[in-house]
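Heads up, the thing below is written out as structure tokens.
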């Protein structure tokens with residue numbers, strides 16, 4: 001398999017490392033990797049470390065002769081890459097294109113518009129860290145890797161993407177792009193916005209310094225997502241806006257009910273408070 | 001110092017272990033520990049392990065002759081303990097009372113009502129785990145330990161509580177009870193309610209199963225607090241309701257602004273989204 005990776009940060013780099021390192025009994029087993037990134041930093045380091053076979057100077061050279069092209073960039077950058085790959089100067093031959101971005105509908109729609117042979121992908125894995133230096137061959141081990149083909153995608157194209165997911169140690173999960181985006185709005189993008197809203201609600205106050213010196217592990221856990229990569233967060237909000245707005249509205253309903261509980265005339269009802277916390281704990285019991 | 005600990009879970013147990021283990025060069029250096037808990041489970045295990053000197057059968061016996069009595073229980077249980085300790089059958093002699101609960105105003109007010117010699121306390125440390133089995137001598141190391149005395153508290157009483165905090169490796173931070181409650185509403189109790197609201201918004205949906213199979217580390221981080229001890233959460237909401245409601249209202253304002261961004265006519269403005277994420281990332285830069 002001739003693999004081309006466009007973008008060699010945490011996710012693209014971990015794909016390269018996983019493909020190279022996770023089948024140690026099979027050196028030269030038929031996978032070759034070319035990688036390109038806008039800065040060139042990751043590909044240069046990866047080539048020097050022997051983790052990829054080639055680090056061509058541009059996107060067009062990188063995809064020449066590839067069987068599978070992975071767009072390993074945040075959502076908005078993926079849209080730009082699809083536009084670039086649709087240019088007549090780029091030779092894709094019989095390559096299948098896939099991506100790893102956090103949202104799928106907008107990207108699949110753009111690829112369709114451009115007439116590109118595309119199967120959407122989203123490995124459900126991440127890290128606090130970013131960049132090639134943080135890449136790990138085990139990042140995807142036993143994690144779901146969503147594969148979102150168009151209804152008319154050739155089975156062989158879908159199979160190429162699923163083979164990559166399995167080669168990386170992940171478990172392919174086939175889902176329609178729209179279903180994916182609704183699900184991640186709940187489980188991944190709403191958490192991001194709640195983390196951000198927490199910082200906005202607390203961090204902007206005049207008493208910020210007094211408050212933060214009492215911060216403990218709860219604060220750190222709840223603000224970790226707000227520390228994340230700005231381009232990724234921006235792309236998520238921009239390309240999953242409608243689903244995300246719906247989920248934020250649901251969280252607002254829950255918070256309104258909490259305000260009602262806390263401001264109840266005559267003081268909070270302890271049994272009612274307890275019941276809400278018990279319900280939530282029980283809902284989490286299977287997680 | 002004759003120390004009495006009422007409640008021997010994670011926090012009370014870690015105080016016992018820290019007092020006993022953190023000055024290894026000074027065995028028998030004048031600290032003795034008696035502990036009691038409603039179930040008796042922790043004290044029995046601690047006595048068997050040699051971590052405390054005595055596990056009397058009830059609260060009254062446990063505090064006899066004590067210099068310092070630590071109420072190591074959730075907020076509502078602390079209120080009940082103060083009522084019990086105010087009974088004429090309990091001999092407190094010249095003991096100073098303190099606590100470790102997450103809120104201070106309601107507890108300090110109750111102690112004042114009961115005429116008890118009380119200095120509020122709150123070590124800013126915790127764990128996912130609970131109970132004596134999770135207790136650790138290092139839980140408080142280098143952590144802030146809020147000490148909230150009444151304005152007319154004798155200096156010697158405050159000093160007894162601060163000496164315990166230092167003995168546990170913590171850093172005493174003197175604060176008025178009202179200031180403490182305002183600060184923790186922001187940095188600790190609002191995060192709890194956002195974690196709970198996330199589960200309420202997502203976990204109750206008909207698509208719960210589909211959604212949760214895509215859960216990754218962000219979901220786990222953001223729901224960890226919602227997994228917490230129900231009695232602690234209930235006591236926090238009940239005894240810090242006014243401050244907490246104010247902070248929830250601020251988070252709601254932030255979420256309303258996000259809904260506006262996401263539902264902007266003609267689609268989200270990418271520069272405006274990016275600016276919000278950058279502002280939040282920069283606000284966190286010092287954390």
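Helix B:190-203 axis versus longest C-alpha principal axis of chain B: approximately 50°, rounded to the nearest ten. Just checking the listed ones, A:263, A:275, A:209: in the Gaussian network model of chain A with Cα springs under 10 Å, the one fluctuating most is A:275.
Gyration tensor analysis over the Cα atoms of the range A:197-267 returns equivalent ellipsoid semi-axes of 25, 22, 10 Å (largest first, whole Å). Taking each DSSP H run with n ≥ 4 as -39500 (n - 2.57) and averaging over every residue of the protein assembly as shown yields -14500 deg cm²/dmol at 222 nm. Here is how far apart the residue A:93 label points are across copies: 9.0 nm, shortest first, using a point 7 Å from Cα toward Cβ.
With label points set 7 Å from Cα along Cα→Cβ, the inter-copy distances at residue B:159 are 8.2 nm, sorted shortest first. Round to a whole angstrom and tell me the spacing of the C-alpha centers of the range B:138-188 and the range A:77-113. One Cα centre to the other: 57 Å. Remark: spin-label model distance residue A:41-residue A:242 equals 3.7 nm, labels positioned 7 Å along the Cα→Cβ axis.
With the cut-off at 1.5 for a/c, could you classify the range A:43-109 from its C-alpha gyration tensor as rounded, prolate or oblate? Oblate, because a/c is 1.5 or more while a/b does not exceed b/c.
For chain A, the longest principal axis of the alpha carbon atoms and the long axis of helix A:230-239 meet at an angle near 90°. Restricting the calculation to Cα atoms, the range B:1-74 yields a radius of gyration followed by a Dmax of 11.1, 33 Å.
Between this copy and the others, label points of residue A:229 are 4.0 nm apart in ascending order, each placed 7 angstrom from Cα in the Cβ direction. Considering the range B:19-175, its Cα convex hull presents a mean projected area of 9.0 nm². For the pair residue B:29 and residue B:279, the difference between a 0.36 nm per residue extended length and the Cα-Cα distance amounts to 84.8 nm. What the Cα atoms of the range A:167-231 give is an Rg and a Dmax of 16.5, 52 Å.
The calculated pair-distance distribution of the range B:160-287 uses every alpha carbon pair, bins of 5 angstrom beginning at 0, and gives 2, 8, 12, 15, 18, 19, 12, 7, 4, 2, 1, 0, 0 percent. Compared with the dominant Cα axis of chain B, that is its longest principal axis, helix B:10-21 is turned about 50°. For the protein assembly as shown, the convex hull spanned by the alpha carbon atoms encloses 170 Å³ per residue.
Each of residue B:152 and residue B:22 was given a label point 7 Å from its Cα along the Cα-to-Cβ line. The distance between the two points is 3.2 nm. Taking chain B as a Gaussian network of alpha-carbon nodes connected by springs under 10 Å, the highest mean-square fluctuation of the residues B:121, B:228, B:203 belongs to B:203. Can you tell which of B:36, B:132, B:258 shows the greatest fluctuation in a Gaussian network model of chain B with Cα springs below 10 Å? Result: B:258 has the largest fluctuation of those listed.
Taking R0 as 41 Å, what's the FRET efficiency between residue B:179 and residue A:57 from their Cβ-Cβ distance, rounded to 0.05?
With R0 = 41 Å, the Cβ-Cβ based efficiency is 0.10.
Taking the DSSP beta bridges with both ends in chain B, the antiparallel portion is around 20 percent. Can you work out the base-10 log of I(q)/I(0) for the range B:100-224 at q = 0.10 1/Å, using the Debye formula on its C-alpha atoms alone? Treating every Cα as an identical point scatterer, log10 I(q)/I(0) equals -0.45. Pairwise over distinct Cα atoms, reciprocal of the mean inverse distance: report the Kirkwood radius of chain B in Å, one decimal place. Roughly 20.8 Å, rounded to one decimal.
On average over all directions, what projected area in square nanometres does the range A:95-159 have, based on the convex hull of its Cα atoms?
One quarter of the hull surface, i.e. the mean projection, equals 5.4 nm².
Model label points for residue A:48 and residue B:91, set 7 angstrom from Cα along the Cα-to-Cβ axis, are 7.7 nm apart.
Just so you know, all these numbers are worked out from the coordinates, no wet-lab data involved. Owing to the predicted nature of the structure, the values given are computational and were not obtained by experimental measurement. A quick note on method: Cβ atoms are made from the backbone with ideal geometry, for glycine too, and the neighbour counts reach across all protein chains shown.
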